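Nothing in this text is a laboratory measurement; each read-out follows from the coordinates by a stated rule. These figures come from a predicted structure and were not determined experimentally. FYI the Cβ positions are ideal-geometry reconstructions off the backbone, even for glycines, and counts take in every protein chain you see.
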Amino acid sequence: MGGPYVIGVDGGTESLRAGVFDLSGRPVAVASSAYATHFPRPGWAEQDPEDWWRALGVAVRDAVTRSGVPAGAFAAIAVDTTCCSVVALDAGGRPLRPALIWMDVRAGEEAAAVLATGDPALILNSGARGPVSAEWMIPKALWLARHEPEVFAAAATICEYQDFLNLRLTGRRVASLGNVAPRWHYRARAGGWPRSLLASLDLDALAAKWPQAVLPMGAAIGGLTNDAAAHLGLPPGLPVAQGGADAFVAMIGLGVVEAGRMAFITGSSHLHLGLSATTIHGPGVWGGYDDAVVPGLAMVEGGQTSTGSVVAWLRRLFGEGVDYRTLDREAAEVPIGSDGLVVQDHFQGNRTPHTDPLSRGAVMGLSLRHGRGHVFRAALEGIAFGTRLILETMADAGFRAEEMVIAGGATRSELWMRIHSDVAGVPLVLTRVADAPTLGSAMLAAVAAGCFPDIAAAARTMVAVERRIEPDPAAHDAYAASYAAYRRAYPALNAVIGPLAAARS
């Protein structure tokens, strides 16, 4: 076989996935290995970091074997992982306790304490209006300091899943700019570590426990140690590239590496990740995170909490034997605007731009003439309205998406993609490789190995566009009345439902 080849690894919530790619971006072989999550209390979610390491060895060895590529033909390897999965390590790099993974929200009181400091670093959180998530690094570290002080004191290193694997691979204690800028309140162009924020929380000791070296994504960390090479079945010294948070590495795998472009990652929730030539802060917008993905560009972030989860809920509600294809067909027969039905998509609260965990979903305008197709289409439209509102909020702050490169569950519905494009008035772009995080990691490996001069060059070669969905201007205009009703619904419903939701929280 020719070469060289690169290995991309995606450490997810339920399993770790490794892929072998050629330098055109085509997958040669992929393998995965699962691990367990433990839920010792409501709101807690933990994993054993040693399970991550075991899974890495299994998946990489399996992918390499399936590929048939000789070990000497690989140029580099890179890993992305879930973000905010926090690990406490002793001086030998061994875990002192299970990791608090990203979905662990035990640090709610600590997150409120972080926001209450009013520190300038909080400008990254919707222009300092918050919230600060209990998922993030500083609240979790503060929880450890308050509730497990013996663990906090014994920890030589407090870092993330990403940093733990890179430490095991190379022996170097390094952090990824793709994690610390969005989730540790690190500001690459404004003083670095948030030391005044830590001081306000009596958490000064944390700064010394963090990895002191911060590398951008795609930088070379070092070579595989002998032990790591034996574990993976790869040559000692093979270059290891810096990765980052899975969603942000997915931006690279989707080719979103230039200003004005946005990654639109769909699933149970929606994530909107754009790149801007200028640093943007503002209400309803998370970021901008300077240099987090591509040097010289700032990342802006928005998100919808319940999207695909609402669609799945409706399918279950409609009864056994009802599939998405049937629902899509029925919804396609309903005119734009769903004959007056409007759905507010806040079934699990609103992430952006309102950032209101107590907001709730609603189906408005029901009459006895409405059927299943009306309700289903109105849900698809309501979620698309939520996306449009996020894009408009970003535009008000100074970032305008020229197109959205879409990945995830929504791509399985031609109707829903069409609705999204028409409602937002923005083209959707679909790429060849659906597994964007694993491809993105492989691209970072290729950059670190010198196969490409930078991330943008890697994207031009390794990411292929399959097709575009252009918005229909007439359809966009036809959604105007329903979208206006959607925008008016939040304050009206909040006045009615908000007190009930607060009483039950």
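I'd like the FRET efficiency for ARG329 and ALA190, computed as 1/(1 + (r/R0)^6) with the beta carbon distance as r and R0 of 30 Å, rounded to 0.05. The computed FRET efficiency comes out at 0.05. Let a ≥ b ≥ c be the square roots of the eigenvalues of the Cα gyration tensor of the range 359-468; is it rounded (a/c under 1.5), or, if not, prolate (a/b larger than b/c) or oblate? It is prolate, given that a/c is not under 1.5 and a/b is the larger ratio. For the range 93-235, the relative contact order is 24 percent, taking Cα pairs closer than 8 Å that sit 6 or more residues apart in sequence and dividing their mean separation by the residue count. In angstrom, the C-alpha Rg and Dmax of the chain are 22.7, 70.
The long axis of helix 137-147 is offset from the longest Cα principal axis of the chain by roughly 70 degrees.
Just the Cα atoms of the range 1-49, one point each, no solvent: what log10 I(q)/I(0) does Debye give at q = 0.22 Å⁻¹? Here log10 of I(q) over I(0) equals -0.78. At full extension, ASP202 and ASN226 could sit 4.6 nm farther apart than now, given 0.36 nm per residue minus the alpha carbon distance. With the simple spin-label model, which puts each label point 7 Å out from Cα in the Cβ direction, the PHE318 to THR65 separation comes to 4.3 nm. The relative contact order of the chain comes to 16 percent, based on Cα pairs under 8 Å that sit 6 or more residues apart. Dimensions of the range 389-433 from C-alpha coordinates, computed as largest minus smallest value along each principal axis and given longest first, are 31, 21, 14 Å. Expressed per residue, the C-alpha convex hull volume of the range 5-244 stands at 116 Å³. In the chain, the longest principal axis of the Cα atoms and the axis of helix 49-67 are about 90 degrees apart. So what is the relative contact order of the range 382-472, in percent, for Cα pairs below 8 Å that sit 6 or more residues apart? Computed over the range 382-472, the figure is 32 percent. Applying D = kT/(6 pi eta Rh) to the range 157-287, where Rh is the Kirkwood radius over alpha-carbon pairs, T corresponds to 10 °C and eta to 1.306 mPa s, the Stokes-Einstein value obtained is 96 µm²/s. The convex hull drawn around the Cα atoms of the range 419-482, when projected onto a plane and averaged over every direction, covers 5.3 nm². Quarter the surface of the alpha carbon convex hull of the range 139-201 and you get the mean projected area, 4.9 square nanometres. Note on GLU466 and ASP454: their simple-model spin labels are 3.0 nm apart, each label 7 Å out from Cα toward Cβ. Shape analysis of the range 115-155 based on the Cα gyration tensor places the equivalent ellipsoid semi-axes at 25, 9, 8 Å, largest first.
Taking the longest Cα principal axis of the chain as reference, the axis of helix 308-317 is set at about 60 degrees. When Rg and Dmax are taken over the Cα atoms of the range 256-505, they come to 18.8, 64 Å.
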